[in-house]
Amino acid sequence: MNSTSRIHLNRVCTLCTQNTQLILNHRTVPYGHDVPKIDGNILSSIVTLGIGWDYHFPLVISLLVQCKNLTRLIIDFRGAPPSDIPAIQLPFLEELHCSTELAVISGQWSLPRLRRLSFLHREPYILDTGCYSFLHEHGKRLTYLYISWPFSLADSNAFLDHGYGTIQQFLDLCPSLEHLVVVDCHDIDHLSHPTLQYLDIWWNFSGNELEGMAKIRLSSFSKKHLPSLRKTRLLHASLRDSLGGSTGLPILVPPDFVGDKGVEWIYPGVRVLHSPTLMMSEVLN
């Protein structure tokens, strides 16, 4: 961000005295440019902070520690953070959406109120991401867990060898979990958990009769292994293309949001359909 952009951003922040959300998601040139300097009084009122993937992790720390009342954090970085990041106290953080290495964060960040974790995974071995160590540290209090990876990984040999077993290990570390969001993969219908109430599954089926095929897919889940299960829903891959597949989508629109008839929303160029079993989008001409 150049000096002119910093000046304008600070002017905007000064005028928006009641603002509680700050999202920094622009492209920086060169990559890893410094984050903008914002008045500490403004940052202390921020409760939602989002940081895009063009920033180096160390440059964000000074900004992060000034957001003393943060409850929701979205960080999307390229690569892993350094191993020597400082310890950070985030006493009010309840929701973390992350696409970077979690192992370092789990050991250095104090997150006593964390309840919702979303992790976007891009590698073929999901145990290598540090997610296990993070959940070992913070999973006991989680009520919401979102673990997503590209659909192509779900069919790879690496994932077929580790996917189901890994997800079950994650569930075992989250005894209070109520809502799980994962990508459809081999043997996922064999997952077990005593308190899980809602299960969302990203689904990459293409063809006609989507609603009928969705019912067939969901019929394989049994309450025998999920005794507290109230609702299972498929999130169609079309949502990722048209709406970006936001990790916050299942929180904003929970599985029991609709009744027996379903609902729909129309946005410019996009229609979102939500039936009792399936949520998808269609491109409008």
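Quick note: the coordinates plus some simple rules give every number you see, no bench work behind them. Here the structure is a predicted model, which means the values were calculated and not measured.
Taking the Cα centre of each part, how many Å lie between region 130-145 and region 243-285?
28 Å
For region 170-285, calculate the relative contact order in percent as a whole number, restricting contacts to Cα pairs under 8 Å that are 6 or more residues apart. Intermediate values should be presented prior to the final figure.
Values: 184 pairs, mean separation 26.8, N = 116.
With pairs under 8 Å counted, the relative contact order is 23 percent.
For Lys68, list the lysines whose Cα falls under 22 Å from its own Cα; do not include residues on the same chain fewer than 8 positions away.
Leaving aside lysines fewer than 8 places away in the same chain, those within reach of Lys68 are Lys37.
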